[in-house]
1. Out of 187, 149, 207, I need the residue that is of a type in the set (Val, Ile, Thr) and at pLDDT below 90. Which one?
2. Which of the numbered conditions does residue 74 fail, given that it passes all the others? Conditions: (1) touching a residue at least 60 places away in the same chain (Cβ under 8 Å); (2) over 16 Å from residue 6 (Cα atoms).
3. Considering only the range 153-209, how many residues are among the acidic types (Asp, Glu) and either in contact (Cβ under 8 Å) with a residue 12 or more places away in the chain or closer than 16 Å to residue 231 by Cβ (or both)?
4. Output the residue which, of all residues in the range 162-220 that are assigned to a loop (DSSP other than H, G, I, E, B) and touching a Pro at 6+ places or on another chain (Cβ under 6 Å), is nearest to residue 151 (Cα to Cα).
Amino acid sequence: MNDIVIAVNFDNEKPTVSGRELHAALMIETPYHKWFPRMVGYGFVEKVDYLVTDIFVHNSKGGKQGYIDHQLTIDMAKELCMIQRSEIGKRCREYFLEIERKWNSPEAVLARALLLANQQLQLAKGENAKLLETNTEQAEQIESMQPKVTYYDLVLNAEGIVPITTIAKDYGKSGRWLNGWLHEQGVQYKQGEVWLLYQKYADKGYVKSKTYTVTDENGNPLAKPHTCWTTKGRLFIYELLKENGILPLIECDE
């Protein structure tokens, strides 16, 4: 298993790592202040592939001593690992590939999008909000605090059409209750044994009719139409219920 651990800085638009930490991890014998300019000669560009940073440490006399470090993009760090052509270089590169995979995962992308939205909201309210670091733990926390996203994912990823009873279960209700509630809201009416949408909603693509074959009391086959809801229709019901303070179980507080 790869036991390489190099701190990754997530404060910028893209994750970066310290050049000095990478230099130490790669076990380069050449001093950093000579090694790094040589690496830049491979075509790396300042403010594109790396940034110059000043590091200050306290010396034995009580003063501060400064030295130069660099924040490298993950792409640059991977290329430097390849240039070394060593086993430790290969392991460091694999470590950065894993960091890159996590950074580009759907969870991390969603986390960054939600953080940006939260920042804009706080600025609009005139509040001084502190941005959280983007990492896997934050992604899990944000996902748990944003149940709407989870519910939308569940609905949008669902395939085909579903009966009203399936939708009702999302709210801990029965299909009879939800049919009645939609009727009260002026969405649908009952004709015989089939629920049909009023003209206002009939051409929205919310429902599709599905015919089942059942057997009557004499054993004869009988076609029975049934109204099923599409993904678009499920989201319509979600918004309508939400406007009336009714949320799916997944969005209710424990």
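1. 149
2. Failed condition: (2).
3. Residues meeting the conditions: 4.
4. Only one residue fits best here, namely 170.
The values are calculated or read from the model by the stated rules, or taken from the named source; none is laboratory data. Because the structure is predicted, anything quoted here is derived from the model rather than measured. As a convention, Cβ positions derive from the backbone with ideal geometry for all residues, glycine included, and neighbour counts pool all protein chains shown.
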